[in-house]
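Student: Structure incoming, see below.
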Amino acid sequence: MNAEKLALSLSSILLLIFFSLILYGAYVRNIELPTCIVNVKPFDKDTIIKISENKYEIRYIARQFSFFPMEVRIPRNSTVDIYLTSPDVIHGFHIENTNVNVMAIPGAITYFRYTFKEPGEYRIVCHEYCGLGHQNMMSKIIVE
Ligand code: CUA
């Protein structure tokens, strides 16, 4: 009987810890989950839009075997809204040295927001096998 109570209490405490970690990630660390937008027709042109000095919107097209735009230059501390889609097959989209790791899905748009705090060259690589040229599929974001 006592062992059951102990097990129940411990598992409740564990659940509370997990739930607090989710809240901590969302509100303290500002970690946002990528969103999959399915109810609109995906764009078919890549675009870079400068919204303000440190705010950008980039629409990426991932297609066999390149990402468009192939190179983007933004100033340091820019917050970027990234929309991503694919006209052919499923591709991966991983920005090296960040926690960004999403998929480009035909017929849908993947959205996420990321702030590039450190200057440098961020390579974007496809991490989902998409055909013969898969290993050459990359792009980069240069943070100045
Ligand atoms: Cu695109 Cu692998």
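Student: Report the residue count in region 89-105 for those that are within 13 Å of the ligand (Cβ to nearest atom) and touching a residue at least 40 places away in the same chain (Cβ under 8 Å).
Tutor: Residues that pass the stated criteria total 6.
Student: Could you tell me which residue of region 107-137 is nearest to the chain's Cα centre (by Cα), considering only residues that are among the aliphatic types (A, V, I, L, M) and near the ligand (Cβ under 9 Å from one of its atoms)?
Tutor: V125
Student: Tell me the strands (runs of 3 or more DSSP E) entirely within region 47-124 that contain at least 1 residues that are charged (D, E, K, R) and buried (at least 16 other Cβ atoms within 10 Å of the Cβ).
Tutor: 55-63
None of the figures in this text is laboratory data; all of them are computed from the coordinates on show. This structure is a prediction, so every number in the text was calculated from the model and none was measured. Here Cβ is always computed from backbone atoms with ideal geometry, including for glycine, and neighbour counts include all displayed protein chains.
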